[in-house]
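Trainee: Take a look at the following structure, please.
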Amino acid sequence: MNDEYTSIHDVRMRGFTSRVRVEDAWRWIDQVASRLEAEVVSLADLTGRVLAETVVARIDVPPFARSAMDGYALHADETTGATSYAPATFRLVGDSMPGHPFDGVVISGTAVRIMTGAPLPRGADAVMPAEFAREVADTRTGTRLVEIQSDVPVGKNVGQLGEDVRAGAEVLISGRRLRPQDVGLLAAVGCERIAVVRKPRVRMLTTGNEIVAPGATRRPFQIVDSNSMMLAGLITRDGGSIESSRLLPDHRDVLREQLAAPGADVILVSGGSSVGAEDHAPTLVADLGELPIHGVAMRPSSPAGMGRVDGALVFLLPGNPVSCLCAYDFFAGRAIRRLGGRSPDWPYSTRQVEVGRKIVSAVGRVDYTRVRLVEGRVEPIAISGASILTSTTQADGFVIVPAELEGVAPGSTVTVHLYDFA
C-alpha cells in the first residue's frame, strides 16, 4: 500500500478537513462518464434504450396505396353530383381485403368493395365510405350494384405509397431514448435489430457486520439491508443493469477483492465511507486507483466519495438510507445515465410551488430537503434525519436548497422534484 497516498484519504476517526462543492463533483462526473459503446439488440428489447446510430427507413410506409376506410374503391370523377335522391350506380366487380387484393382493374362504371388497410385496386383513385353507399341487385340480370349517395374527391380516404415515411428518410436520430411508439416505427420501416448504447454494468457492495439480507434470520443488534433493494430500483430506472449484488462484512481484504474484480462499469459501495474505524472503502479506492473526491458540502450525504478503479467508476454512498438515496441521485445516478447515453439531468418531474413553512438550511452547503405538498404549498418534513427512510416515503418530493442560501422563506417559490414516477 502507498502509505503517503493513503494517508491523504484516511479520515477515519479524524474527520474531513475540507469538502468538495456539489458543482465540482458534477463537473468531475461529466468529464469521466462518457457514453459507452454500442450493442445490437432485437426490437423486443428496445423500449427505453438509447439509439447509438441514426436510423434510415429501408422501405416506404405504407409500402402500397391502401384504403383508410371500409367502403368502395372507384373513380372519383364518376361520383360528381351524386346524392341520396340521385345516386350514382356502379357495378360491383370484386373485393379487396387486407392481405388479399383485388386482382383486376377498376374501369369506368365499376367499383370494388374494400376494407380498411386493403390495397387500392389498379384504376381506382378514391374510396367512398360505406355509410354513403348502398348495395342493391339488378332485378333483371342479378348483377350486384352499389349506389353512391355523395361525391368524393380524388385521393380521398386513401393512404398513399410512402405517405408516412419514404424509403431512405432519417426516421430517428442517434441519442434518442426509445419510446414504445418509436419501436413500432422501427418495425414499420423494416428494422429487425438496432444498435443502442450498452447498458452500464453496476456492481452493488453493501458493507457492514450488522447487515443481513431481507428474509434472513436477524440476530440481536443486526438490521435488514434496505439500501441494495432501493439501489436496484434506482439503477434500473436510470438504465443500468445489475452485474452483481453482495453483502460484505467490514473486512478490508474482502472489500478489496470486490473492488478489484473486473466486469463492472460502475461500483456502488453502500456504507463504510465515513470516518469510522471500520470505514475502509475510501483508502482502498485510493490505493487501488484514484479517489479525487471524498466529502461533499451537502446534507445529507456529506461523506460521499467518488473515484476510479481499473476503469470502473466507484461511488462511495453513506450507509444511512436517506443519505444513500441522496448520494446516488446526486452523483452515481448521474454517471449511470451518462454512461448509458441518457440525459444526466434529474429523472423526476418538477413543479413550481410556493413555500408554506420555512425551509431551514445553512450557507456553504447544498441541502436535500424532503417536503410535502399541503393545500397547494410546500412544507418540509418535520422528522428528516439521514436514517429516517420514512421521511422519503411520506414526502411528495424534495427541494434542493443551494449552498448560497440560508434557508427559504415562506412565500418564496421553489422547484419541487416529485418522487412519483414521471
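Trainee: If you check Val171, Val183, Val152, which single one turns out to be out of contact with any Gly (no Cβ under 8 Å at 6 or more places or on another chain), surrounded by 14 or more Cβ atoms within 10 Å (Cβ to Cβ), part of a helix (DSSP H, G or I) and touching a residue at least 40 places away in the same chain (Cβ under 8 Å)?
Mentor: Of Val171, Val183, Val152, the one residue that is out of contact with any Gly (no Cβ under 8 Å at 6 or more places or on another chain), surrounded by 14 or more Cβ atoms within 10 Å (Cβ to Cβ), part of a helix (DSSP H, G or I) and touching a residue at least 40 places away in the same chain (Cβ under 8 Å) is Val183.
Trainee: Just need a number here: residues in region 308-357 that are touching a Gly at 6+ places or on another chain (Cβ under 6 Å) and surrounded by fewer than 24 Cβ atoms within 10 Å (Cβ to Cβ).
Mentor: Here the count works out to 3.
Trainee: Could you tell me whether Arg176 is assigned by TED's automatic domain parsing to the domain that holds Leu255, in contact (Cβ under 8 Å) with a residue 24 or more places away in the chain and over 20 Å from Thr83 (Cα atoms)?
Mentor: Judged against the criteria, Arg176 is not a match.
Trainee: Quick test for you: out of Ile223, Ile194, Ile235, pick the one residue that is among the hydrophobic types (A, V, I, L, M, F, W, C), out of contact with any strand residue (DSSP E or B) (no Cβ under 6 Å at 6 or more places or on another chain) and crowded, with 19+ Cβ neighbours inside 10 Å.
Mentor: That would be Ile194, the only listed residue that is among the hydrophobic types (A, V, I, L, M, F, W, C), out of contact with any strand residue (DSSP E or B) (no Cβ under 6 Å at 6 or more places or on another chain) and crowded, with 19+ Cβ neighbours inside 10 Å.
Trainee: Next up: Can you tell me which residues in region 312-335 are of a type in the set (Gly, Ala, Ser) and at pLDDT 95 or above?
Mentor: Ala312, Ala327, Ala332, Gly333, Ala335, listed by residue number.
Trainee: On the given criteria, is Gly142 surrounded by fewer than 16 Cβ atoms within 10 Å (Cβ to Cβ), over 30 Å from Leu247 (Cα atoms) and not assigned by TED's automatic domain parsing to the domain that holds Ala264?
Mentor: It is true that Gly142 is surrounded by fewer than 16 Cβ atoms within 10 Å (Cβ to Cβ), over 30 Å from Leu247 (Cα atoms) and not assigned by TED's automatic domain parsing to the domain that holds Ala264.
Trainee: Restricting attention to region 48-80, and to residues there that are of a type in the set (Ser, Thr, Tyr) and surrounded by fewer than 19 Cβ atoms within 10 Å (Cβ to Cβ), which single residue is nearest to Gly117 (Cα to Cα)?
Mentor: Across region 48-80, the extreme among qualifying residues is Thr80.
Trainee: Is there any pair linking a residue in region 113-126 that is outside the structural domain of Val146 (by TED's automatic domain parsing) to one that is part of a loop (DSSP other than H, G, I, E, B) and crowded, with 18+ Cβ neighbours inside 10 Å, with Cβ under 6 Å and at least six apart or on different chains, and which?
Mentor: none
Trainee: How about region 283-306: which of its residues are in a loop (DSSP other than H, G, I, E, B) and of a type outside the set (A, V, I, L, M, F, W, C)?
Mentor: Passing the criteria: Gly289, Gly295, Pro300, Ser301, Ser302, Pro303.
Trainee: Based on what the data block shows, is Val202 more than 30 Å from Cys324 (Cα to Cα), touching a residue at least 12 places away in the same chain (Cβ under 8 Å), buried (at least 16 other Cβ atoms within 10 Å of the Cβ) and β-branched (Val, Ile, Thr)?
Mentor: Criteria not met by Val202.
Trainee: Let me ask another. Would it be correct to say that Leu268 is in contact with a strand residue (DSSP E or B) (Cβ under 9 Å, 6 or more places away or on another chain), assigned by TED's automatic domain parsing to the domain that holds Thr206 and part of a helix (DSSP H, G or I)?
Mentor: no
Trainee: Identify the residue in region 391-413 that is touching a residue at least 12 places away in the same chain (Cβ under 8 Å) and of a type in the set (Val, Ile, Thr) and, among all such residues, is surrounded by the fewest Cβ atoms within 10 Å (Cβ to Cβ).
Mentor: Within region 391-413, the match that is surrounded by the fewest Cβ atoms within 10 Å (Cβ to Cβ) is Thr413.
Trainee: Sticking with this structure for a sec: Keeping to region 95-126, report how many residues are farther than 11 Å from Ile148 by Cα and either β-branched (Val, Ile, Thr) or assigned to a strand (DSSP E or B) (or both).
Mentor: Number satisfying all stated conditions: 15.
Trainee: Could you check, for region 241-262, whether at least one of its residues is in contact (Cβ under 8 Å) with a residue 60 or more places away in the chain and surrounded by 20 or more Cβ atoms within 10 Å (Cβ to Cβ)?
Mentor: Checked region 241-262: no residue is in contact (Cβ under 8 Å) with a residue 60 or more places away in the chain and surrounded by 20 or more Cβ atoms within 10 Å (Cβ to Cβ).
The values are calculated or read from the model by the stated rules, or taken from the named source; none is laboratory data. Quantities reported herein were computed from a predicted structural model and do not represent experimental measurements. When we count neighbours, we look across all protein chains shown, and the Cβ atoms used for this are built from the backbone with ideal geometry, even at glycine.
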